[in-house]
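Trainee: I'd like to ask some things about the structure below.
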Amino acid sequence: MAPPIGPIDVWVFDLDNTLYDVPEALHREIDRRMAGFVGEYLGVGPEDARRIQKCYFRRFGLTLRGLMVRHGLDPAEFERSMAGLDIAAIHPTAGLAEAVAALPGRKIVFTNAFAAHAQAVLDHLSMNALFEAVHDISEMGYRPKPAIESYRDLCVRYDIDPRRSAMVDDIPHNLAPAAELGMTTVWRRSAAAWARDTAAGPFIHHAVDDIAAWLGGGAAG
């Protein structure tokens, strides 16, 4: 593992399975809604809908992006179908809000989710006030991580010097563009199926299981 990181002006955090663990009930609801939407939108049965959903997630980074590119979907239609997810089962990670609050510098959420979902989760976790902004999928022009253009746009929009910033994400390949731009990268390991990545390589500077414990141990310098 890399040594403690140097001075950081901006901390960029992913949301799902980074600032909280996605409970199984929520994962099932998201999966069910996505498959239902794909089936209805494309007029296919449940088996084909699920196959297409997973294929587009792997190929395009998001099922939404695949539907936009291949079928001309209006993303607002997809957003409406995913609104109002039941987040009651989400529990805060012990000590994480306090550890993030204690970090020197600015903090931004960078997520492939929609802002409404991100804001609802952050409110639920009592963490909304900790972050300067939520840079969501619509702000990315619907180019999900790991499209490097979205990382460049993030840096321009918020005047981020990548060499003095750190990015924390649960999906290893989402950290490769960050490292390419000069960011310090932190992989938050999780048990989520989509977060497993055997290609994790030198672009991972720090790999941690518990962000709060890592930050509390002086990792932020």
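Trainee: Running a GNM on the chain with Cα contacts under 10 Å, which residue among V168, V38, V69 ends up with the highest mean-square fluctuation?
Mentor: With Cα springs under 10 Å in the chain, the top fluctuation among V168, V38, V69 is at V69.
Trainee: Let me ask something else. Between the helical axis of 46-60 and the dominant principal axis of the chain, each derived from Cα atoms, what acute angle in degrees is found, rounded to the nearest 10?
Mentor: 40 degrees
Trainee: Also, I was wondering about something else. Leaving out ligands and nucleic acids, and using a 1.4 Å probe, what accessible area per residue does segment 63-152 come to in Å²?
Mentor: Result: 43 Å² of accessible area for each residue.
Trainee: Residues of segment 90-129 with amide nitrogen under 19 Å from the 7 Å Cα-to-Cβ point of D210?
Mentor: 91-103, by backbone N distance to the label point.
Trainee: Let me ask something else about it. Could you work out the relative contact order of the chain? I mean the mean sequence separation of Cα pairs under 8 Å and 6+ apart, divided by the number of residues, in percent.
Mentor: 26 percent.
Trainee: Under a point spin-label approximation (7 Å from Cα along Cα-to-Cβ), what is the A102-R70 distance to one decimal in nm?
Mentor: Distance between label points: 4.7 nm.
Trainee: Given the convex hull over the Cα atoms of segment 7-130, what projected area results after averaging over all orientations, in nm²?
Mentor: 8.6 nm²
Trainee: Accessible area of segment 69-151 with a 1.4 Å probe: how many percent of it is carbon plus sulfur?
Mentor: Whole-percent figure for carbon plus sulfur exposure: 54.
Trainee: Could you give me the percent of Cα pairs per 5 Å distance bin for the chain, shortest bin first, beginning at zero and ending with the bin that holds the maximum distance?
Mentor: Using 5 Å bins, I get a P(r) of 1, 7, 15, 19, 20, 17, 11, 6, 3, 1, 0 for the chain.
The values are calculated or read from the model by the stated rules, or taken from the named source; none is laboratory data. Please read these numbers as outputs of a predicted model, since none were measured by experiment. Positions of Cβ are generated from backbone atoms using ideal geometry, with glycine treated the same way; all protein chains shown enter the neighbour counts. When the accessible area is computed, the model is the full protein with side chains, heavy atoms only, and any ligands, DNA or RNA have been set aside. Shrake-Rupley method; radii C 1.70, N 1.55, O 1.52, S 1.80 Å.
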